[in-house]
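A short write-up of the structure that comes next.
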């Protein structure tokens with residue numbers, strides 16, 4: 001597809017010269033003579049690359065003002081600055097504001113064309129990377145046959161047909177954003193944007209600007225997350241981290257279904273579906289006064305709770321197999337065959353939940369490419385610290401300090417607990433695997449105080 005270049009220079013001769021050079025290389029070229037014309041052309045349609053003279057009609061640094069304006073509209077647009085009166089500070093200022101390159105006049109046609117081509121290659125790589133990241137995120141599915149995950153999957157199917165606001169809670173890494181994406185994918189809004197804003201990562205001084213956008217003094221508009229998600233879904237991740245003052249403004253938007261940009265006078269209508277998430281207990285945050293109760297009720301129309309991985313350990317085998325296959329497919333490498341009965345998977349309490357499990361499988365997949373590293377269970381052992389294994393927080397030396405009977409009991413309790421988890425709490429299957437009579441296993445579990453396994 002032919003790329004479009006916008007050339008901005010107040011000198012008509014230079015502007016025409018640059019345009020002719022680029023047209024000869026089969027670029028589509030638009031022109032602007034000053035700041036206002038440039039903004040008009042940019043708002044009409046974003047160019048693939050902008051070539052901007054530092055000195056425009058309003059002053060020596062007006063081109064730098066235009067650079068800043070372009071970056072506020074779309075920070076990915078490559079801007080090549082040109083000047084016949086350049087100095088080091090001017091070049092530094094331009095690059096700090098995000099200019100792709102700074103060229104001093106006079107320059108050869110080859111130099112200009114080379115920079116334009118490099119700028120296009122750079123933005124194309126960014127777009128390809130973003131598309132790949134998007135594919136990665138959208139490609140993962142919700143895996144698990146446990147009763148808790150079956151309930152979640154049924155809820156997703158039901159909620160996808162509605163416009164209800166949803167509140168997803170669960171520990172970090174349990175898959176809250178993935179559930180939100182699945183709901184969006186299956187909804188009538190699936191062809192429209194899915195926008196994620198992380199309340200914990202927003203600049204505390206710019207919450208309103210990033211959520212609602214702004215009318216800037218130079219006549220440009222900055223669009224906030226509510227407008228970026230127009231007709232689609234806005235997922236507010238870690239919503240409990242948003243300050244109370246901003247919570248009040250979000251509440252007003254949900255009530256009125258409209259808002260005003262910062263410094264703006266025009267009311268913007270809102271047509272987005274809101275999905276919120278939190279790894280904190282939001283009810284406790286409300287009781288502590290950290291979160292508005294009225295906003296909580298507006299957001300928590302339909303709650304979804306995602307359990308910790310350690311509480312649905314029967315899903316570990318299917319997760320291991322799924323991630324092994326998916327990571328091999330996405331990275332173009334051989335699929336690894338993990339031993340899903342390996343005790344370590346069930347002793348470890350997975351503080352990072354499903355995300356940590358996925359990262360472990362990716363790490364093992366990469367390390368196993370080394371021909372000297374073929375023992376996958378050993379790689380798993382190396383990756384997981386035994387200090388964090390459930391029921392095995394004591395060091396080997398400490399265990400040796402126990403009398404034989406007590407040490408044996410600790411081992412048996414840990415061993416039987418992990419075996420029960422592997423067999424989804426099924427006593428008969430566990431007894432068969434470990435070579436015990438079912439009734440004997442019942443008595444042993446009772447003696448050791450093992451009441452049940454999630």
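The values are calculated or read from the model by the stated rules, or taken from the named source; none is laboratory data. What you see is a predicted model, and the numbers here were worked out from it, not measured in a lab. Ideal geometry is used to build each Cβ from the backbone, glycine not excepted, and the neighbour counts take in all protein chains shown.
Total residues in region 163-194 satisfying the condition of being farther than 19 Å from residue 309 by Cβ, in contact (Cβ under 8 Å) with a residue 40 or more places away in the chain and surrounded by fewer than 19 Cβ atoms within 10 Å (Cβ to Cβ): the figure is 6. When each of 76, 93, 124 is tested for being in a loop (DSSP other than H, G, I, E, B), more than 17 Å from residue 7 (Cβ to Cβ) and within 36 Å of the chain's Cα centre (by Cα), the lone residue that passes is 76.
Taking only region 1-53 into account, find how many residues are part of a strand (DSSP E or B) and touching a helix residue (DSSP H, G or I) at 6+ places or on another chain (Cβ under 8 Å). Selection size over region 1-53: 13.
Taking helices (runs of 4 or more DSSP H) that fall entirely within region 259-366, which contain at least 1 residues that are over 30 Å from residue 214 (Cβ atoms) and in contact with a strand residue (DSSP E or B) (Cβ under 6 Å, 6 or more places away or on another chain)?
Numbers: elements: 282-287, 293-299, 316-331, 344-347.
Here the list reads 344-347.
Return the pair list, or none, for Cβ contacts closer than 6 Å from residues in region 277-288 that are assigned by TED's automatic domain parsing to the domain that holds residue 234 and touching a residue at least 24 places away in the same chain (Cβ under 8 Å) to residues that are surrounded by fewer than 16 Cβ atoms within 10 Å (Cβ to Cβ) and part of a loop (DSSP other than H, G, I, E, B), at least 6 apart or on different chains. Listed by first residue and then by second, the contacts come to 279/172.
Each row is one residue, and each column tells you yes or no for (1) farther than 21 Å from residue 206 by Cβ; (2) surrounded by fewer than 17 Cβ atoms within 10 Å (Cβ to Cβ); (3) at pLDDT below 95.
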{"residue": "263", "(1), (2), (3)": "no, yes, yes"}
{"residue": "270", "(1), (2), (3)": "no, no, yes"}
{"residue": "276", "(1), (2), (3)": "no, no, no"}
{"residue": "283", "(1), (2), (3)": "yes, yes, yes"}
{"residue": "290", "(1), (2), (3)": "no, yes, yes"}
{"residue": "295", "(1), (2), (3)": "no, no, no"}
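Of all residues in region 421-432, which are in a helix (DSSP H, G or I), closer than 16 Å to residue 340 by Cβ and at pLDDT 80 or above?
Residues of region 421-432 in a helix (DSSP H, G or I): 421-422, 427-432.
With closer than 16 Å to residue 340 by Cβ added as a condition, the list becomes 421-422, 429-430.
429, 430 - these are the residues of region 421-432 that are in a helix (DSSP H, G or I), closer than 16 Å to residue 340 by Cβ and at pLDDT 80 or above.
Checked against (1) at pLDDT below 80; (2) assigned to a helix (DSSP H, G or I), residue 86 meets all criteria but (2).
To keep it simple, each residue is scored yes or no on (1) surrounded by fewer than 21 Cβ atoms within 10 Å (Cβ to Cβ); (2) within 17 Å of residue 113 (Cα to Cα); (3) not assigned by TED's automatic domain parsing to the domain that holds residue 224.
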{"position": "8", "(1), (2), (3)": "no, yes, yes"}
{"position": "13", "(1), (2), (3)": "yes, no, yes"}
{"position": "46", "(1), (2), (3)": "yes, no, yes"}
{"position": "63", "(1), (2), (3)": "no, no, yes"}
{"position": "71", "(1), (2), (3)": "yes, no, yes"}
{"position": "74", "(1), (2), (3)": "yes, no, yes"}
{"position": "85", "(1), (2), (3)": "yes, no, yes"}
{"position": "93", "(1), (2), (3)": "yes, no, yes"}
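Taking the conditions (1) in contact (Cβ under 8 Å) with a residue 60 or more places away in the chain; (2) over 28 Å from residue 228 (Cα atoms) in turn, residue 48 satisfies each one other than (2).
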